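Participant: Got a structure for you, questions after.
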Amino acid sequence: MTDTRRRVKVYTLNEDRQWDDRGTGHVSSGYVERLKGMSLLVRAESDGSLLLESKINPNTAYQKQQDTLIVWSEAENYDLALSFQEKAGCDEIWEKICQVQGKDPSVDITQDLVDESEEERFDDMSSPGLELPSCELSRLEEIAELVASSLPSPLRREKLALALENEGYIKKLLELFHVCEDLENIEGLHHLYEIIKGIFLLNRTALFEVMFSEECIMDVIGCLEYDPALSQPRKHREFLTKTAKFKEVIPISDPELKQKIHQTYRVQYIQDMVLPTPSVFEENMLSTLHSFIFFNKVEIVGMLQEDEKFLTDLFAQLTDEATDEEKRQELVNFLKEFCAFSQTLQPQNRDAFFKTLSNMGILPALEVILGMDDTQVRSAATDIFSYLVEYNPSMVREFVMQEAQQNDDVSKKLTEQKITNKDILLINLIIEHMICDTDPELGGAVQLMGLLRTLVDPENMLATANKTEKTEFLGFFYKHCMHVLTAPLLANTTEDKPSKDDFQTAQLLALVLELLTFCVEHHTYHIKNYIINKDILRRVLVLMASKHAFLALCALRFKRKIIGLKDEFYNRYIMKSFLFEPVVKAFLNNGSRYNLMNSAIIEMFEFIRVEDIKSLTAHVIENYWKALEDVDYVQTFKGLKLRFEQQRERQDNPKLDSMRSILRNHRYRRDARTLEDEEEMWFNTDEDDMEDGEAVVSPSDKTKNDDDIMDPISKFMERKKLKESEEKEVLLKTNLSGRQSPSLKLSLSSGTKTNLTSQSPATNLPGSPGSPGSPGSPGSPGSVPKNTSQTAAITTKGGLVGLVDYPDDDEDDDEDEDKEDTLPLSKKAKFES
């Protein structure tokens, strides 16, 4: 079934008119039963999967380009191409296609690209092939008109292209170009411009191969200098021959490769600089020109990758100390251009490209280059490093860890002075370049900070069964590199304010803080140990005194990120070192100005209040309340004070804390139906019908005295009564601002006390508008007083069930439910249960 098998790459043309690489495989032709005809089959060389299965349609136009390409369209917007490794393979498949379509294999296109009405097609088919005028000066105008009239018709374009190709007409036109230039025949040169531009629009690879040949391309560019729309001709040839110089930093022994580089550069120049902008032409008019350049680039990269001697010499000269500075700069610039060139390649080709560079030792070479004094060379090396990090950060991480391990092994045998030299690692060189960037705007430092952030980002680190890249690399980074990164921060914060506070230093420290903040967010114990052991946060908060607001905000953002973790190790460190003091000072120094600093500091304290971080709440109130108590335009600090007082009440009254625990447990654990039944019995039972001994309580409960139960509540109510008016005012303000009071249960205390002294039964039944949805539910401090009082009283009745934490309380609840229908309840007994 399989006739031939050749190695090819499969390409498809995407919506942006760029070729996408679909994979490498082996092509064959054979009969496919499902498609009912001879077909082209491409199977992947990696796993044998089917990359392409395309029937050779008798009416499809196949084009053969550059001896190793076959291009065709299978649908209106679906173009395919096969790029052969060998010309022989391309010829064999081309013969099979031509055999199916009944065409002569010597043609470069099997079908006419017809897109006309039947009448036009009949007229053109009935006429013989297009006859071109003789190539003479006197007939240039006629030739230009013929080319222009043929462009609107696809079939006429095809016939014109065949005529130009078969008669060697382009070379004759270029001979006339020399005659016109010698005679200064401007009119003739203008006609030649129109003719050559029209030939480009024919979109034929065979014509491009003639025009872009070594002997013709400069004359073609010369014809395009004489645009009739310009008063003076352009000087493209002068630029290409005198200004643009081909620097062969490493001798290229392959003449075909060298010729391909020259050709690609000049064709790219024609596309970018000589021809009018693409918008002038019809859609896809120059698609073949784009394809020509693309495949040329792919071929150049492939040829350079395969030339091991070339790459070996390149890296050897880069790292050789004997290489002079000018030569090294040219080598680095070539390597930078080579890497930039690879960005246009498809992913598979780019993978092979960087793998080759890695095998040749590009990272050790970059380390040598980055250690040099030449600024331009270091800048180019940094660009190359950025390509490598963006492509494969794991490869870079693996290299620097291996390098560190080697240095550690060597350092054991060196003196203490020699040990310090191990810090000259590749990643430390990058950090030093970031710190020492001389650009006032720190453009290079920003780029390097982004690269470091990529390298320390756990999201792109690999994890396998035997190896965890995150653990290993972060351990390396904090041991060997973090001290280099934080050196400018530590050097500038030895006193109570920054020792240097100029704009460039502030920008650099802001970059360092941004990276440290990223580490706090994404790293765990590594950064925590480093911050606490090195007292980093205290040094960072010195920058709160900077005259540059953006730097002070960076320092505040760093602390806010730490507090946001709600880690008690961090909290104890903050409290022990009194690290809220710089923040409070900055807040007070900011005064009444409503700016970003003011809002950011208030947000930090609001976070502590809302999240109820008890240790920090107590620390702030105990140490800074006098400085903050007068701030009344927000309720944040008074809310913190209330949190603190609640916390202190619980510490002073353990019984009260257990009561609240019971309230919370009953609120969330008890069955709603049980509560409703008990409430109904409460309201419907007449106290006079019951005797004191008939309450449903456990034997242990019966031994309790009423005074024992009431004693802690009475004491609590007496203390709270003294502060009642002040708390209500604060709670009312908080409610009006849209925040729920943190001490809502305390606000209902008055209702509880009132209810205990009242002997009249409530009139509202459960489920009525005046009854609560559930016992213990919070009331609304901002609602009408009458409703509030009634709701508070009812809520307290339900919420005070089981105020004393008896060990058998849960069992008693079940007993209560079983005896509801047989035993009456008094209010007093109900309360005691």
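Participant: Would you point out which residue out of Gln263, Gln343, Gln305 is touching a Phe, Trp or Tyr at 6+ places or on another chain (Cβ under 8 Å) and open to solvent by 70 Å² or more (accessible area, probe 1.4 Å)?
Facilitator: Working: Gln263 fails: open to solvent by 70 Å² or more (accessible area, probe 1.4 Å); Gln305 fails: open to solvent by 70 Å² or more (accessible area, probe 1.4 Å).
Unique residue meeting the criteria: Gln343.
Participant: Please verify whether the range 558-566 includes one or more residues that are open to solvent by less than 20 Å² (accessible area, probe 1.4 Å) and of a type in the set (A, V, I, L, M).
Facilitator: Step one: filter the range 558-566 for residues open to solvent by less than 20 Å² (accessible area, probe 1.4 Å), giving 558-559, 562-563.
Those still in the list that are of a type in the set (A, V, I, L, M) too: 562-563.
The answer is yes; a qualifying residue exists.
Participant: I would also like to ask the following. Condition first: part of a helix (DSSP H, G or I) and open to solvent by 70 Å² or more (accessible area, probe 1.4 Å). Now tell me which residues in the range 137-172 satisfy that.
Facilitator: As a first pass, look at the range 137-172 and keep what is part of a helix (DSSP H, G or I): 137-150, 154-166, 169-172.
Hits for the range 137-172 are Ser138, Arg139, Glu141, Glu142, Glu145, Arg156, Asn166, Lys171, Lys172.
Participant: Which of the residues spanning the range 578-595 are of a type outside the set (Asp, Glu) and open to solvent by 20 Å² or more (accessible area, probe 1.4 Å)? Explain how you work it out, then say what you get.
Facilitator: Filtering the range 578-595 for residues of a type outside the set (Asp, Glu) gives 578-580, 582-595.
Of everything in the range 578-595, those that are of a type outside the set (Asp, Glu) and open to solvent by 20 Å² or more (accessible area, probe 1.4 Å) turn out to be Phe578, Pro582, Lys585, Leu588, Asn589, Gly591, Ser592, Arg593, Tyr594, Asn595.
Participant: Given the criterion open to solvent by less than 10 Å² (accessible area, probe 1.4 Å) and free of Cβ contacts under 8 Å to residues at least 12 places away in the same chain, identify the matching residue among Asn598, Asn571. Show your work before the answer.
Facilitator: On the way: Asn571 fails: free of Cβ contacts under 8 Å to residues at least 12 places away in the same chain.
From the options Asn598, Asn571, the qualifying one is Asn598.
Participant: Quick check on the range 285-301. Is at least one of its residues loosely packed, with under 12 Cβ neighbours inside 10 Å and not β-branched (Val, Ile, Thr)?
Facilitator: Step one: filter the range 285-301 for residues loosely packed, with under 12 Cβ neighbours inside 10 Å, giving none.
Looking through the range 285-301, none of the residues is loosely packed, with under 12 Cβ neighbours inside 10 Å and not β-branched (Val, Ile, Thr).
Participant: Separate question: Which one of these does Leu189 not meet: (1) closer than 30 Å to Phe334 by Cα; (2) part of a helix (DSSP H, G or I)?
Facilitator: (1)
Participant: What residue, among those in the range 55-70 that are assigned to a loop (DSSP other than H, G, I, E, B) and among the β-branched types (Val, Ile, Thr), is nearest to the chain's Cα centre (by Cα)? Steps first, answer last, please.
Facilitator: Residues of the range 55-70 assigned to a loop (DSSP other than H, G, I, E, B): 56-61, 66-68.
Subsequent filtering for residues that are among the β-branched types (Val, Ile, Thr) retains 56, 60, 68.
Numbers: Ile56: 44, Thr60: 44, Thr68: 40 Å.
Residue satisfying both the conditions and the ranking: Thr68.
Participant: Is it true that some residue in the range 491-499 is buried (at least 16 other Cβ atoms within 10 Å of the Cβ) and either in a helix (DSSP H, G or I) or under 30 Å from the mean Cα position of the chain (by Cα) (or both)?
Facilitator: Filtering the range 491-499 for residues buried (at least 16 other Cβ atoms within 10 Å of the Cβ) gives 492-493, 498.
Within this subset, residues satisfying the condition of being either in a helix (DSSP H, G or I) or under 30 Å from the mean Cα position of the chain (by Cα) (or both) are none.
The answer is no; no qualifying residue exists.
Participant: For the range 123-143, which positions are more than 14 Å from Asn185 (Cβ to Cβ) and at pLDDT 90 or above? Spell out the reasoning first.
Facilitator: Of all residues in the range 123-143, those more than 14 Å from Asn185 (Cβ to Cβ) come to 123-135, 142-143.
Result: Glu142, Ile143.
Yes/no matrix, rows are residues, columns are (1) open to solvent by less than 60 Å² (accessible area, probe 1.4 Å); (2) hydroxyl-bearing (Ser, Thr, Tyr):
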{"residue": "Val10", "(1), (2)": "yes, no"}
{"residue": "Tyr31", "(1), (2)": "no, yes"}
{"residue": "Ser46", "(1), (2)": "no, yes"}
{"residue": "Asn57", "(1), (2)": "no, no"}
{"residue": "Gln63", "(1), (2)": "yes, no"}
{"residue": "Trp72", "(1), (2)": "yes, no"}
{"residue": "Ala81", "(1), (2)": "yes, no"}
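Participant: Would you call Lys559 among the basic types (Lys, Arg) and either under 26 Å from Thr505 (Cα atoms) or within 32 Å of the chain's Cα centre (by Cα) (or both)? Show your work before the answer.
Facilitator: Working: among the basic types (Lys, Arg): yes; either under 26 Å from Thr505 (Cα atoms) or within 32 Å of the chain's Cα centre (by Cα) (or both): yes.
So Lys559 passes the test.
Participant: Being assigned to a loop (DSSP other than H, G, I, E, B) and in contact (Cβ under 8 Å) with a residue 12 or more places away in the chain is true for just one of Leu80, Leu35, Leu40, Leu52. Which residue is that? It would help to see each step written out before you state the result.
Facilitator: Working: Leu80 fails: assigned to a loop (DSSP other than H, G, I, E, B); Leu40 fails: assigned to a loop (DSSP other than H, G, I, E, B); Leu52 fails: assigned to a loop (DSSP other than H, G, I, E, B).
Going through Leu80, Leu35, Leu40, Leu52 in turn, just one is assigned to a loop (DSSP other than H, G, I, E, B) and in contact (Cβ under 8 Å) with a residue 12 or more places away in the chain: Leu35.
The values are calculated or read from the model by the stated rules, or taken from the named source; none is laboratory data. All of these numbers come straight from a predicted model, not from anything done at the bench. Note that we place each Cβ from the backbone using ideal geometry, even for glycine, and neighbour counts take in every protein chain shown. The accessibility values were calculated without ligands, DNA or RNA, using every heavy atom of the protein model including side chains. Shrake-Rupley method; radii C 1.70, N 1.55, O 1.52, S 1.80 Å.
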